1. Would you pick out the residues in segment B:263-275 that are open to solvent by 10 Å² or more (accessible area, probe 1.4 Å), in a helix (DSSP H, G or I) and facing another protein chain (nearest Cβ under 9 Å)?
2. Among the candidates C:LEU215, C:LEU230, which residue alone is over 14 Å from C:LEU301 (Cβ atoms) and of a type outside the set (Gly, Ala, Ser)?
3. How about segment B:152-197: which of its residues are under 20 Å from B:VAL251 (Cβ atoms) and at pLDDT below 85?
4. Quick test for you: out of A:THR64, A:THR34, A:THR30, A:THR80, pick the one residue that is among the hydroxyl-bearing types (Ser, Thr, Tyr) and modelled with pLDDT of 90 or more.
5. For C:VAL275, state whether it is within 11 Å of chain B (Cβ to nearest Cβ) and hydrophobic (A, V, I, L, M, F, W, C).
6. Yes or no: segment A:257-270 includes at least one residue that is hydrophobic (A, V, I, L, M, F, W, C) and open to solvent by 20 Å² or more (accessible area, probe 1.4 Å).
7. Restricting to segment C:198-216, and then to whatever is touching a residue at least 12 places away in the same chain (Cβ under 8 Å) and either outside the structural domain of C:ARG124 (by TED's automatic domain parsing) or more than 16 Å from A:ALA181 (Cα to Cα) (or both), can you tell me which residue is surrounded by the most Cβ atoms within 10 Å (Cβ to Cβ)?
8. So A:PRO318 ticks every box in (1) modelled with pLDDT of 85 or more; (2) open to solvent by less than 60 Å² (accessible area, probe 1.4 Å); (3) part of a strand (DSSP E or B) but one. Which box is left unticked?
Amino acid sequence: MALNLPDENERPEDRSPLLEVEDLHVEFRTRAGTAEAVNGVSFTVDRGETLAVMGESGSGKSVTAQAVMGILDMPPGAITGGSIRFCGRDLLGMSAEERRRVRGEGVSIIFQDALSALNPLFPVGWQIAEMFRVHRGASRSEANKRAVELMDRVHIPDARRRAGDYPHQFSGGMRQRIMIAMAIALDPGVLIADEPTTALDVTVQAQIMELLAELQEELGMALILITHDLGVVADVADRVAVMYGGRVVEYADVFDAYRRPAHPYTKGLLESIPRLDQVGSDLQAIGGTPPSLMDMPLGCAFHPRCHYRRETCVTTPPPMYTVGPERASACHFYQEVLDDHGDR
Amino acid sequence: MSEPASLTSSAGEAPRGLWDDAWDELKRRPIFWISAGLILVFILMAAFPQLFTRVDPRWADLSLSMEPPSSEHWFGTDRQGRDVYARTVYGARASIVVGLTATVLTTVLGGLLGMIAAYRGGWVDILISRGGEILLGLPFVLGAIIILSTFAGAQSDAGPATIMMLVIATLTALSWPMVARIARSAVYAVKSADYVNAARVLGAGPMRILFRHLLPNALAPIVVYGSLLIATFVSAEATLSFLGVGLRPPVISWGVAISESGDFIRQAFYLTLFPTIFLCATVLAFVLLGDAVRDALDPKLR
Amino acid sequence: MGRYALRRLLQAVPVVVGTTLLIYWMMWALPGDPFAGRCGERACPQDYIEAMNAQFMLDQPLLVQYSAYMANLVQFDFGVTYNMVPVSTLIAQALPVTLRLALIALAVEAVVGIVAGVIAGLRRNGYFDTLVFVSTLVALSVPIFVIARFAQWGLGVNLGWISPTVSNEATWAELLVPGAVIATTTTAVLARLARTTIAENLRADYVRTAIAKGLPRSRVIGVHVLRNSLIPLITLLGLDLGSLMVGAVVTEGIFNINGLGGLVYNHILRLDSTVVVPVATLFVLIYIFANLVVDLFYGVLDPRIRYE
């Protein structure tokens, strides 16, 4: 049953990254046409690392997460290219049964709306215990005991009593904690958090992020945080992948990306947040609207909204330029963008 | 999840857009055209039976009793020697008139009462909702059997028009609460929406608010339910007539014809067969139409 | 749960009172002579009129009348037929047959309807789904009395597989075909609902979670999807009882089954409402009661309602 997680004692050169997504392509085929939701996305994450995936809705970040998790609705969705490797094993080439075992044990996910993500008709303790009963073959009482321990661990007060309650009897924050408890039950290598705090109050958001950070440290798992909250990214992420129109347009260390963005879209995002140190200056919103996935602009997908636009941008889609070590940008004129930000 | 959903959803929020989309959706379905065509034929048959036969359905020639189908009498003749084809054609009128009239009355009455209940609230709402609940406690054909059989004895000398009105009134009386419930919840959902409040502040009267602002919201679910209701009513009318509490001779009706032919099913199966085919084709056409309308107006179910 | 059950019970009271009052009013209190045309072709016999006057206090004010009527109803006393046989005797004789028939019909409906609908919902747009779609369409378009006629003629008279009429014993075997006939419409409705419910639930967020948890497909569907789909199906089973009852009236009449439906059918033919109305009233009460039970069961199945 155990998955061959890489041994800590292995020699570094033998180790491939824990999760490695390469040139992933996902399409949605609907009556209205084919939409390229993910168009060549690559990234890696390793144990203990936090990768933030940022972008507007429709940028393909959730679809990427679903493809990694193997919960994409197929059809209409279809993975048309690329590879997803977990511990060096290709997830896309696996049998359905092998793939199922990776879910929950190797990679797990929490969603934005915990109320609809939990089954309304079963007690939350039962839903957590189900992980142990199915994956570990644990007895009912053993699984229940473990479920209560997990609820304690995610700081749900009075866990033993509340394990018998149903999802609708909890507050939004508590429900998200239950989702987290379920996701970490089997000690997965990677936890994907798909906008975990978007539906919550601001104070609760902070508590949930704190919990995620705490658990990541304890368990040493990799965290993929999908969000459009730039503040959260700055707080917890190590690296960031900025997505636009189904592509990663900038891939960088968080510090670098925030200090000196290498893509006009990242730059626009950063300029659209209010800064305390620049009181009085105007906020810069990004003009225009995100592209329709059905009808991508030719060339660079961002060109209709871009200040750096030239002739090339309209005709030629930019490749991923290597900007520095572990740093890439999909902009023909990344150097200009970098230079513009030098004074900031 | 949100990404693929936003790709496929094309239905607009405005009522105008909803109806346009629904029509576009309907136009593309062959089933819609087939059922609409069938229904058109039956409506023509109900309105102008002379177009389909020149034979008088009441003309009896006892010397021609129980003739099997022939080139002279396509569907044969019944025991009184009447032409079954003519009687089957003329039978469309009862089904179509009862089905359509009862549906229109039910949706209008139920829709109005439901909207008023939601709009006025208070004791009006309680009265309408509770009253409706009582009627919903009666399974509707069973309720119709009770109502019609108490009247049937007392009004045994009633003319065809009176009997038909009685059947229509009974079906309507028992079915409006479901429509009212649908209309009520649809109106309730938008009753305190900003645009309604805005209209109120701008001095729109209750009638204007009801018809201009609240009705469009309730219309789609009512139309969906109503289009499914026609088939139920046609079938219910036939069942009641078959039982002998609905339409009765001299009204010419498929239910009555099937009921009368029962005694001769061994010798003359065609007597049962032809009215049955017409009845089932009518119900089928309305079921198909109702399905198509529902699918078109309720994108959620697609 | 207790509070929910109590509230639901209290809600049923006005419905029962309202329904019985309505039926009562139509039966005895409409303007004109309540006995006119009640007993079929001829006038009601004098001793019947006297007996009913005595039992239902027809010379008293409406409220007293109604109380007397309800008091009788609670004791399962439905008055007498015009030849002075207590209606309750007729009902007692007919009840076992109808119960057997109802059980067969419900079993056919639940098993065939749910199985067909669930499979169709799981394999949407497949071969089986199309088959279910077409057969439900046919079942919905052909009224039950037509199906009963054709079953009797085809299976009984032509092929001789079943007896065209059911004997007085009305054994389980004899009732199988009539029971299935009664269930046709409701089976089709149930299958369609099961199909859309399953299809809708398959797209629900909690199913995505169940898959993400790494549960085997059999468990995702068998535990999560089915459990959540059960609630609307059970509700429909209760509401369908109404059309099952009407089906029973028609089918028992056609197959000459001596059940409650046959009782109604035969007395409708004689225009004798002294039996039709009380038996139909009993049907209505059973219907209301059954839906009350379904609602209580609903509370057991859905915690969101239980703890409201």
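1. Start the filter on segment B:263-275 by keeping residues that are open to solvent by 10 Å² or more (accessible area, probe 1.4 Å), which leaves B:263-267, B:269-271, B:273-274.
Filter again for in a helix (DSSP H, G or I), leaving B:263-264, B:269-271, B:273-274.
Within segment B:263-275, B:PHE269 is the sole residue that qualifies.
2. Values: C:LEU230 fails: over 14 Å from C:LEU301 (Cβ atoms).
So the residue among C:LEU215, C:LEU230 that is over 14 Å from C:LEU301 (Cβ atoms) and of a type outside the set (Gly, Ala, Ser) is C:LEU215.
3. The answer is B:ALA152, B:GLY153, B:ALA154, B:GLN155, B:SER156, B:ASP157, B:ALA158, B:GLY159, B:PRO160, B:ALA161, B:THR162, B:ILE163.
4. Working: A:THR34 fails: modelled with pLDDT of 90 or more; A:THR30 fails: modelled with pLDDT of 90 or more; A:THR80 fails: modelled with pLDDT of 90 or more.
Only one candidate passes the filter, namely A:THR64.
5. Values: within 11 Å of chain B (Cβ to nearest Cβ): yes; hydrophobic (A, V, I, L, M, F, W, C): yes.
So C:VAL275 passes the test.
6. So far as segment A:257-270 goes, yes, one or more of its residues are hydrophobic (A, V, I, L, M, F, W, C) and open to solvent by 20 Å² or more (accessible area, probe 1.4 Å).
7. Here is the first cut: in segment C:198-216, the ones touching a residue at least 12 places away in the same chain (Cβ under 8 Å) are C:198-199, C:201-202, C:204, C:206-207, C:210.
Adding the requirement that they be either outside the structural domain of C:ARG124 (by TED's automatic domain parsing) or more than 16 Å from A:ALA181 (Cα to Cα) (or both) leaves C:198-199, C:201-202, C:204, C:207.
On the way: C:ILE198: 23, C:ALA199: 18, C:ASN201: 19, C:LEU202: 18, C:ALA204: 18, C:VAL207: 20.
Among them, the one singled out is C:ILE198.
8. (3)
The values are calculated or read from the model by the stated rules, or taken from the named source; none is laboratory data. No experiment lies behind these values; they were computed from the predicted model shown. Backbone-built Cβ (ideal geometry, glycine too); neighbour counts: all protein chains shown. Surface areas here come from the heavy atoms of the whole protein model, side chains and all, with no ligands, DNA or RNA. Shrake-Rupley method; radii C 1.70, N 1.55, O 1.52, S 1.80 Å.
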